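> Handing you this structure, nothing more for now.
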Amino acid sequence: MKSILVREFGGPEVLKLEEVPTPRPAAGQVLVRIHAAGVNPYDTYMRAGTYSVKPALPYTPGSDAAGVVEAIGDGVKRVRPSDRVYTAKTVTGAYAEYALALEEQVHSLPGKINFGQGAGVWVPYGTAYHALHHSAEARASETVLVHGASGGVGSAAVQMARAMGLTVLGTAGTQKGIDLVKREGAHHVFDHSKPGYQEEILKATRGRGMDIVLEMLANVNLATDLKLLATNGRVIVIGNRGEITINPRDLMLRRASARGFTLWAITPAEEAEIHAGLIAGLENGTLRPVVGKELPLAEAARAHKEILEAGATGKIVLLP
Ligand code: NAP
């Protein structure tokens, strides 16, 4: 089968398409024929060798894929060959024609969700769910700012928060991104590339401030996010690419908090809840993953460059 292999950490050019043996499922494992693989920013940090999780070389990137069960190992009960599934982590990597996954890493893909969309489920929607439900403990009638709403996690969070009954404000940096965030359900959308947009956000809340901020780029925005909070407000740090100075007084005045998490550290109980919640939302149509770009598997390097550039419009997925 064809698979992307990383033999050394480095720039996008280290992603090479190679021919490798198709794996066979051992007991408790599932072989998935991949129809689409999702590209996430963390795939690029891991490839560069700068991420907290450093895989043994060589490795195939990717945790998010959607496809069809090709074969199952002994003892597998939850899925059968020809079932449509999405993956949440794999054993052998998602950027390939086939991937081995543990039985508990494959989940039923609802019929109305196509494979490209299925490749955008786990990391983006799992993150949005954990941020809103577990970390922010969001409640209907609260206000949320999705700071960076045009990408994978942001568009997922907009749909989810809207379905939960929150008032949703979102930001994007291009007109295409702004249109997407409006289309996916935000009540108000702002351009984060425009100077002074934070005052417009405060005005939209009539000066009260936000109950929740979901932050995709904390090293740029955390200090100003704190000034946008209402009393008892909370900033949930989802994305961060550097350091920033904040004034803790902005928290004190508002009885506010800033929290962070990584999806790697969630508990099995949280993960089970997340999948149940996501599958229900995918089935009832409130969650509709947005695929902005489909590229052939051979263009994984291009996908890694483009996902770090401005102008997100939902997910980038690779087609084997
Ligand atoms: P993505 O699809 O590449 O989207 C990136 C988003 O950030 C876009 O909406 C982009 O908007 C926005 N952005 C760019 N400049 C911004 C600014 N100055 N202020 C606010 N937003 C800005 O990435 P993603 O998959 O949504 O992930 C978002 C971040 O969360 C990444 O850093 C990722 O590594 C992180 N993440 C963390 C976890 C975790 O477990 N903590 C899980 C998933 C993702 P425009 O392109 O329209 O400018």
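> Suppose the filter is surrounded by fewer than 21 Cβ atoms within 10 Å (Cβ to Cβ) and within 21 Å of Ala140 (Cα to Cα); does Thr231 pass it?
Here the answer is yes, as Thr231 does meet what is asked.
> Which residues, taken from the range 283-320, are over 15 Å from the mean Cα position of the chain (by Cα) and over 25 Å from Pro12 (Cα atoms)?
Glu283, Asn284, Gly285, Thr286 - these are the residues of the range 283-320 that are over 15 Å from the mean Cα position of the chain (by Cα) and over 25 Å from Pro12 (Cα atoms).
> When you check Arg208 against the structure, is it in contact with a helix residue (DSSP H, G or I) (Cβ under 7 Å, 6 or more places away or on another chain), in a loop (DSSP other than H, G, I, E, B), assigned by TED's automatic domain parsing to the domain that holds Gly152 and among the basic types (Lys, Arg), yes or no?
When the stated conditions are applied, Arg208 does not pass them.
> Could you please find all residues in the range 109-156 being more than 16 Å from the ligand (Cβ to nearest atom), closer than 24 Å to Gly67 by Cβ and touching an Asp or Glu at 6+ places or on another chain (Cβ under 7 Å)?
Correct list: Pro110 only.
> Looking only at the range 108-128, how many residues end up being of a type in the set (Ser, Thr, Tyr) and crowded, with 24+ Cβ neighbours inside 10 Å?
2
> Next up: Could you tell me whether the range 299-315 includes any residue that is hydroxyl-bearing (Ser, Thr, Tyr) and away from the ligand (no atom under 16 Å from the Cβ)?
no
> If you don't mind, another one. All but one of (1) over 30 Å from Val6 (Cα atoms); (2) away from the ligand (no atom under 12 Å from the Cβ); (3) touching a residue at least 24 places away in the same chain (Cβ under 8 Å) hold for Leu319; which doesn't?
Condition not satisfied by Leu319: (1).
> Quickly run through the range 189-211 and pick out the residues that are away from the ligand (no atom under 15 Å from the Cβ) and either aliphatic (A, V, I, L, M) or surrounded by 15 or more Cβ atoms within 10 Å (Cβ to Cβ) (or both).
Leu202, Ala204, Thr205, Gly209, Asp211
> Still on this model: So, in the range 25-47, exactly how many residues are within 14 Å of the ligand (Cβ to nearest atom) and exposed (fewer than 15 other Cβ atoms within 10 Å of the Cβ)?
Looking only at that region, the number is 0.
The values are calculated or read from the model by the stated rules, or taken from the named source; none is laboratory data. As the structure is a prediction and not an experimental result, all values here were calculated from the model. We place every Cβ from the backbone using ideal geometry, glycine too, and count neighbours over all the protein chains shown.
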